[in-house]
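I have placed the structure first, in the form of structure tokens, so that the comments after it can refer back to it.
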Amino acid sequence: MTEERKPTFELQNSPSESKTEIQEANVIETNSTRGGKPLWKTLGAEHRNNVQRGMKSRHLMMIAIGGTIGTGIFLSAGASIALAGPGSTLLSYFVVGLFVYSVVISLGEMSSMYPVSGAFSTFGSRFVSPALGFTLGWNYWLQWSLSIPAVILQFWTDKLQPWHWAIIIIVPMFAIQLIHVRVYGESEYWFSLIKVLMIIVFITVGLIFDWGGVKGHPGPGLSNFHDNQAFIGGFPAFAQTFVYAFYSFGGIELVAVAAGESEKPYKTVPRAIKATFFRIVLFYILTILTIGLCINYADETLLNAAFDSDVAASPITVVFLRAGFGAAAHLVNAVLLTAVLSATNSCFYASSRMLLSLARSGHAPKIFGWVNRRGVPVPALLLALAFSCLTFLTTIWGEGVVFSWLLNITGISALLVWTSIGLISLRFRYAYLKQGRSLADLPYTQPLFPLLPTGVIILGVLMFIAQGYAAVRQTPFQAKNVIATYIGVALYIILYLGYTFYERFHLAKPISRHFVPVEAVDFTTDAVWSPGTGERIRKSEFETRQDRPARGEGFQWASPIWTWVVWVVKH
């Protein structure tokens, strides 16, 4: 067995020395023995191996733009309009979009400097308290593990049973995860590209149809926003739309988790973080606006798509059909399957990497921290596979009931994680400056600090209160809706208090040391830059860019979309 080397992310040399940087930034593999009885041993998993920085900039960029866009925007978005009207839904998605973008910016400041797979779980332990990191890690793992069956159940049709879809979708995605992180990045790149193109075409066709640009089809114009049709059901209906928005926006923080396996994260993470703005505006705000303009809130197809999982009734399909594109159902069906594959792929990645981080930090059994020679956390992936398949047994109560519960649990869990990130960001910046460190050493600094993380906390609390209010005021009143809303909070509290008691009575840690002291916060481990090197590296990067040919000079099919646009314009 070769000598073990610990990974380091400190890039103290100039960026021009790219070969040296890559050697230092990439995690060194170690050979592993084979022939052990456990499955992970057979697959080469060892506790000495580490994940690898195999994802390139374009992979991370596309994951940020469309990586986690799932069935929510294709099917569930219409239910929000049917419930509260196009105006309320548009406002809801705008508020949640502003909220999650602030979350991503706050998280990006920390992830670009400390690119680790545990992301906010690691930051919670390091900058606030181990109890918070433990709680966020397990909460996030459960959220993504439950998202796998939630996505597939919504895609389910009468032609196949849910467990059939589990085999058709889960097994191939699990196999992809076992190969290499670069395979995950490449598959997500192309999955996301298909969804991106689909949404762009839909918005273009939808707006042309609404404006009356399709011959023989007079467009509805702004009629769906007139005569008190934009806002229906009052505040309770408006508050209920948040859960659909949470579900649709879920996974927007995945960029921070993937930063631990991306090349030169100090450059790629800030770019990916900024790209999320276009994702929010293009794929959510404009899509919801287009659906609201083209389909009236009383149209039965809006609810049929959400609760019957009928792709022919998807708002996107309906708009295509009414615009005269008869084969749209087949096209949307293919893209929807791509979205399901992509979302399942991301679920496996996020849950396995978070469990790996928990195990490496001592917050989960050590076996889940084992990684094979290719940098794949095999035991963590096997647990995600087993848990997701086990969840399908709950369909004995009816797939509609199960989906509703999964929708509520994953939505509230995401809200709790996002709100906690705002708290972590405030503590990070406070401790960072308190130790006398310079903001110039951060690869990316969030604007308007502390406005964004403070706004995240305030908006998170208000939206949670609105969710509870909506559950109580829902007609007819059902206790299960209130339980589904608050069960995620109960889990969050149980995890936090459980670890706190473990610290106090098992580890004999005094209460006064529950929160990490400001002077003891670790700003050295996993840092991409050493103190005082930020300005020098930025200057060297700028000089290197000046010496390179202009972007878009050569055409590559694997380049990001905007590179294609530059090439087409130039040629």
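The values are calculated or read from the model by the stated rules, or taken from the named source; none is laboratory data. Remember, it's a predicted structure, so these values are computed and weren't measured experimentally. All Cβ positions, glycine included, derive from the backbone under ideal geometry; neighbour counts span all protein chains shown. Surface accessibility is based on the protein's heavy atoms, side chains included, excluding ligands, DNA and RNA. Shrake-Rupley method; radii C 1.70, N 1.55, O 1.52, S 1.80 Å.
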Practice prompt. Please go through the stretch 510-528 and pick out each residue that is part of a loop (DSSP other than H, G, I, E, B) and open to solvent by less than 60 Å² (accessible area, probe 1.4 Å).
Written response: His514, Val516, Pro517, Val521, Asp522, Phe523, Asp526, Ala527, Val528
Worksheet, complete the sentence: Scanning the stretch 423-434 for residues that are out of contact with any helix residue (DSSP H, G or I) (no Cβ under 7 Å at 6 or more places or on another chain) and not hydroxyl-bearing (Ser, Thr, Tyr), the one surrounded by the fewest Cβ atoms within 10 Å (Cβ to Cβ) turns out to be Leu433
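Among the residues of the stretch 219-270, count how many are of a type in the set (Val, Ile, Thr) and touching a Phe, Trp or Tyr at 6+ places or on another chain (Cβ under 9 Å).
Applying the first criterion (of a type in the set (Val, Ile, Thr)) to the stretch 219-270 yields 232, 241, 243, 252, 255, 257, 268-269.
If we keep only those that are touching a Phe, Trp or Tyr at 6+ places or on another chain (Cβ under 9 Å) as well, we get 232, 241, 252, 257, 269.
Of the residues in that region, 5 qualify.
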Fill in: Conditions (1) surrounded by 12 or more Cβ atoms within 10 Å (Cβ to Cβ); (2) among the polar types (S, T, N, Q); (3) out of contact with any Ser or Thr (no Cβ under 8 Å at 6 or more places or on another chain); number of the one not met by Gln467
(3)
Worksheet item: What number goes with the only condition from (1) under 30 Å from Ile168 (Cα atoms); (2) of a type in the set (A, V, I, L, M); (3) modelled with pLDDT of 75 or more; (4) in contact with a Leu (Cβ under 7 Å, 6 or more places away or on another chain) that Val417 does not pass?
Response: (1)
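Residue by residue, here is whether (1) modelled with pLDDT of 85 or more; (2) more than 30 Å from Asp299 (Cα to Cα); (3) surrounded by fewer than 19 Cβ atoms within 10 Å (Cβ to Cβ) holds:
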residue	(1), (2), (3)
Asp158	no, no, yes
His164	no, yes, yes
Ile179	yes, yes, yes
Glu186	yes, yes, no
Val201	yes, no, yes
Val205	yes, no, no
Gly213	no, no, yes
Worksheet item: If you go through the stretch 125-151 one residue at a time, how many are farther than 26 Å from Ser530 by Cβ and in contact with a Lys or Arg (Cβ under 7 Å, 6 or more places away or on another chain)?
Response: 0
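Please tell me if Gly292 is in a helix (DSSP H, G or I) and at pLDDT 75 or above.
Considered against the rule, which asks whether it is in a helix (DSSP H, G or I) and at pLDDT 75 or above, Gly292 comes out as yes.
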Worksheet item: Taking the stretch 493-509, which residues are under 20 Å from Arg360 (Cα atoms) and either open to solvent by less than 60 Å² (accessible area, probe 1.4 Å) or not in a helix (DSSP H, G or I) (or both)?
Response: Leu495, Tyr496, Gly498, Tyr499, Thr500, Glu503, Leu507
Discussion item. Suppose we keep only residues that are of a type in the set (A, V, I, L, M, F, W, C), assigned to a helix (DSSP H, G or I) and in contact with a Gly (Cβ under 9 Å, 6 or more places away or on another chain) within the stretch 215-238. Which one would you say is least open to solvent (accessible area, probe 1.4 Å)?
Written reply: Ala237
Discussion item. Please verify whether Phe249 is open to solvent by 10 Å² or more (accessible area, probe 1.4 Å) and closer than 15 Å to Phe94 by Cα, treating the condition exactly as stated.
Written reply: no
Worksheet item: Hey, among the residues in the stretch 360-379 that are among the basic types (Lys, Arg) and assigned to a loop (DSSP other than H, G, I, E, B), which one's least open to solvent (accessible area, probe 1.4 Å)?
Response: Arg373
Practice prompt. Out of Val151, Val116, report the one residue that is at pLDDT below 90 and within 16 Å of Ala359 (Cα to Cα).
Written response: Val116
Practice prompt. Given the conditions (1) open to solvent by less than 10 Å² (accessible area, probe 1.4 Å); (2) without any contact (Cβ under 8 Å) to a residue 40 or more places away in the chain, report the number of the one that Ala334 does not fulfil.
Written response: (1)
Item to complete: At least 1 residues that are buried (at least 24 other Cβ atoms within 10 Å of the Cβ) and touching a Pro at 6+ places or on another chain (Cβ under 7 Å) in each: list the helices (runs of 4 or more DSSP H) lying fully within the stretch 71-144 that qualify.
Response: 77-84, 86-111
Worksheet item: Before we move on, is Thr122 more than 16 Å from the chain's Cα centre (by Cα) and farther than 26 Å from Trp529 by Cβ?
Response: no
Fill in: Positions within the stretch 224-234 being touching a residue at least 60 places away in the same chain (Cβ under 8 Å) and not aliphatic (A, V, I, L, M), in sequence order
Asn224, Phe225, Gln229, Phe231, Gly233
